[in-house]
1. Of the residues in segment 126-143, how many are surrounded by 10 or more Cβ atoms within 10 Å (Cβ to Cβ), under 20 Å from the mean Cα position of the chain (by Cα) and at pLDDT below 95?
2. Which of the residues belonging to segment 160-175 are more than 23 Å from residue 114 (Cβ to Cβ), touching a residue at least 40 places away in the same chain (Cβ under 8 Å) and in a loop (DSSP other than H, G, I, E, B)?
3. Select, from 144, 134, the only residue that is under 20 Å from residue 17 (Cα atoms) and touching a residue at least 24 places away in the same chain (Cβ under 8 Å).
4. For segment 107-120, which residues satisfy the criterion of being farther than 18 Å from residue 41 by Cβ and either surrounded by fewer than 24 Cβ atoms within 10 Å (Cβ to Cβ) or of a type in the set (D, E, K, R) (or both)?
5. Which of the residues belonging to segment 62-100 are closer than 21 Å to residue 188 by Cα, surrounded by fewer than 21 Cβ atoms within 10 Å (Cβ to Cβ) and of a type in the set (S, T, N, Q)?
6. Against the definition (modelled with pLDDT of 95 or more and in contact with a Ser or Thr (Cβ under 6 Å, 6 or more places away or on another chain)), how does residue 73 come out, yes or no?
7. Of (1) open to solvent by less than 70 Å² (accessible area, probe 1.4 Å); (2) over 27 Å from residue 162 (Cβ atoms), residue 39 satisfies all except one. Which?
Amino acid sequence: VTSKAKMPLHIGKGLTDSGSGSMSGVLDAMKNCVENGAKVVNMSLGGGGPSSAVESFLTGLEDDGTNVLFVAAAGNGGSSSYSYPASYDSPLVMSVAAVNSNSVKASFSQYNDQVDIAGPGVNVNSPTTSNGGTTNIYAEFSGTSMASPHVAGVAALIWSHHPTKSAAEIRLALECSAVMPQQYGNVVRNNDVGY
């Protein structure tokens, strides 16, 4: 999405190869990304309840004025329940819902007052492997974990062109430029798709 010179990439891992893990592992990955200068952190993961350690970490970043934006998958339970890390009430965290190619909220996508924005999350082509990891292929996947990288990519692209902007300004640019799907009428924000 961006050139390495304008927005360097840092790859981190907070879960095991099977996709399981703990909030402490996720927190370690978040810390590692921040320590290595990441400005935008995609978090295609979630589940479980809130962690006081993650909340303290986010509060510390806010208090220090750290310019980082965590873009997290809202969750795939299809309910209004909160999924973490997406549902932390922090200006540094954006919760991303999923919509289909017609901009309709995916039936599995979480919807609540923490959802900030939506992205494509139904039948998204994604790189994967087959034959025991020896062959690289593309396959279609659905989930808010497919939607959050779209938003993170746009955030990184905006930031690469405006490197002096703050995380709050990048978040505001995303929210103000998002297009509300037509079926929701003339509203600025709702719990299904955010802004």
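1. Total satisfying the criteria: 2.
2. 163
3. None of the others qualify; the one that does is 144.
4. 107, 108, 111, 112, 113, 120
5. 80, 90, 100
6. When the stated conditions are applied, residue 73 passes them.
7. It fails just one condition, (2).
A quick yes/no check of all residues on (1) in a helix (DSSP H, G or I); (2) open to solvent by less than 80 Å² (accessible area, probe 1.4 Å):
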{"site": "9", "(1), (2)": "no, no"}
{"site": "24", "(1), (2)": "yes, yes"}
{"site": "27", "(1), (2)": "yes, yes"}
{"site": "31", "(1), (2)": "yes, yes"}
{"site": "55", "(1), (2)": "yes, no"}
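The values are calculated or read from the model by the stated rules, or taken from the named source; none is laboratory data. Only a predicted model underlies this, so the values are computations on that prediction, with no experimental measurement involved. Every residue, glycine as well, gets a Cβ built from its backbone with ideal geometry; the counts of neighbours run over all protein chains shown. All accessible areas refer to the heavy atoms of the entire protein, side chains included, with ligands and DNA or RNA removed. Shrake-Rupley method; radii C 1.70, N 1.55, O 1.52, S 1.80 Å.
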